[in-house]
Amino acid sequence: MSEQSRSTGRIRGTGSRRKRPSRGRRVRNAALWGAAALVVAGGSGLGYAYFTLNGNLKGVDIDAALGTERPDDVDNGSQDILVLGSDSRSGANGEYGADEGTARADTAMIVHVNEGHTSASVVSIPRDTLVERPACTSDTTGEQVGAEHQTMFNSAYQVGGPACAVKTVEAMSGIRMDHYVEVDFTGFKKLVDGLGGVEITTSQAIDDPDSHLALKPGTHTLSGEQSLGLVRTRHSVGDGSDLGRIQLQQAFVKALMDQAKSVGVFSNPKTLFQLADTATKAVTTDSQLASVKKLTGFANGLKGLGSENVDMITLPVEYDPQDPNRVLPQEKADRQVWAALKQDKPVPASATAQSAGDKGEAGKVVR
């Protein structure tokens with residue numbers, strides 16, 4: 001495998017033409033780091049703050065970049081959202097290491113919200129998964145980039161930008177992504193701190209020098225910095241792989257959702273505005289969500305979701321026998337996962353029964 005094949009990149013997303021979600025005043029979103037952003041943005045309908053918040057948002061026009069070479073847009077009210085946690089070292093994120101010129105997709109999830117917006121299935125995609133990347137157009141040079149066999153999933157953004165990343169996800173799944181949400185290190189920390197921290201319980205000690213996190217067994221209210229350390233931890237839990245880290249991230253997402261639900265920010269306009277200001281600065285979305293009005297309408301449609309309504313899995317994979325640092329898709333099981341999402345049904349337990357992603361012990365460490 002070429003060195004290019006083992007490179008990494010940041011993924012950005014896509015647009016939607018599906019039914020607009022219903023209005024509401026309280027939101028709970030199931031999308032990894034983007035969950036907090038959507039939770040607070042969903043309640044940000046404050047007239048006096050509209051223009052301030054609107055000016056914070058950044059959007060990417062994936063529809064224009066990809067054109068018609070995409071899966072069909074199924075207009076049944078369900079939604080599929082590509083969610084990214086970026087490890088860019090640019091700007092304030094430089095304290096976490098040198099900027100090597102390309103940000104990476106440190107976390108990637110596909111969030112499928114069912115037709116009635118009463119439940120969601122979240123599929124984590126390991127960044128080290130070897131996939132078939134389609135031919136893309138570079139978003140920096142405009143030059144054509146050839147397709148590549150068995151290259152890392154998170155290389156797509158590096159070679160072709162957001163559109164190539166979305167094209168890769170859609171090629172893998174056969175599912176059109178309706179929306180894209182991304183949040184970086186600094187934004188994630190500020191969102192957690194704005195919510196007053198997130199409470200978790202650890203069943204064993206966590207001590208990872210790389211993520212700068214040290215926790216004793218027991219219950220903790222994590223600050224933004226500690227929360228970032230948790231979702232980046234891999235070497236002190238489970239088998240030390242990225243699959244174990246994904247299990248920690250999934251546990252944290254549910255705790256984050258519960259925290260957002262319990263905090264009474266929606267009754268305090270000042271607190272609400274501060275959180276919404278942080279959220280809209282922290283996220284990058286597809287262009288169809290890049291306004292307060294559209295983002296609020298989208299997030300309000302998720303108001304019925306709580307952590308108990310969200311089923312989280314890792315895309316079924318197995319370790320590459322030629323390189324234990326890479327994983328290969330379990331093609332038959334993966335087809336079961338994508339078929340369930342297409343049919344707006346829960347992912348069957350049989351799909352993940354033999355997956356390396358569901359065999360680790362890291363998922364038992366945090367609750």
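The values are calculated or read from the model by the stated rules, or taken from the named source; none is laboratory data. Just so you know, these numbers come straight off a predicted model, no measurement behind them. Glycine gets a Cβ as well: all are built from the backbone with ideal geometry, and neighbour counts include every protein chain shown. With ligands, DNA and RNA removed, areas are computed over all heavy atoms of the protein, side chains included. Shrake-Rupley method; radii C 1.70, N 1.55, O 1.52, S 1.80 Å.
Brief remarks follow.
- For residue 172, solvent-accessible area (1.4 Å; no DNA, RNA or ligand), Å²: 50
- Given charges at beta-carbon only (K, R positive; D, E negative), |dipole| of the range 284-366 in Debye: 400
- Taking a ≥ b ≥ c as the square roots of the eigenvalues of the alpha carbon gyration tensor, the range 319-367 is oblate, as a/c is not under 1.5 and a/b does not beat b/c.
- Residue-by-residue Karplus 3J(HN,Hα) for the range 60-71, coefficients 6.51, -1.76, 1.60, Hz, glycine and proline x: 10, 8, 6, 4, 5, 6, 8, x, 9, 7, 9, x
- Cα gyration tensor category, rounded, prolate or oblate, for the range 249-367 with a/c compared to 1.5: prolate
- Gyration tensor (alpha-carbon) shape descriptor, the range 208-276, a/c threshold 1.5: prolate
- Accessible area, probe 1.4 Å, largest first, for residues 225, 308, 170: 308, 225, 170
- Using the 1.4 Å probe convention, the accessible area of the range 103-240 works out to 34 Å² per residue with neighbouring protein chains retained.
- For residue 355, neighbours were defined as the other residues whose beta-carbon sits under 10 Å from its Cβ, and their charges (Lys and Arg +1, Asp and Glu -1) total -2.
- Sequence-distant contacts, meaning Cα pairs under 8 Å at least 6 residues apart, place the relative contact order of the range 129-186 at 32 percent.
- Dipole of the range 227-302, positive end: most advanced residue of 228, 297, 256 [Cβ charges, Cα centre]: 297
- Proximity of backbone amide H atoms, modeled 1.01 Å from N, is registered between residue 148 and 133 at under 5 Å, excluding neighbours fewer than 5 places apart on the same chain.
- Residue 189 contributes an accessible area of around 30 Å² to the protein surface, as traced by a 1.4 Å probe with all chains present.
- Within-13-Å neighbourhood charge of residue 203 [Cβ basis; K, R +1; D, E -1]: +2
- Averaging the Cα positions of each part gives two centres, and for the range 281-344 and the range 186-224 these lie 23 Å apart.
- Probe 1.4 Å - accessible area at residue 115, Å² to nearest ten: 100
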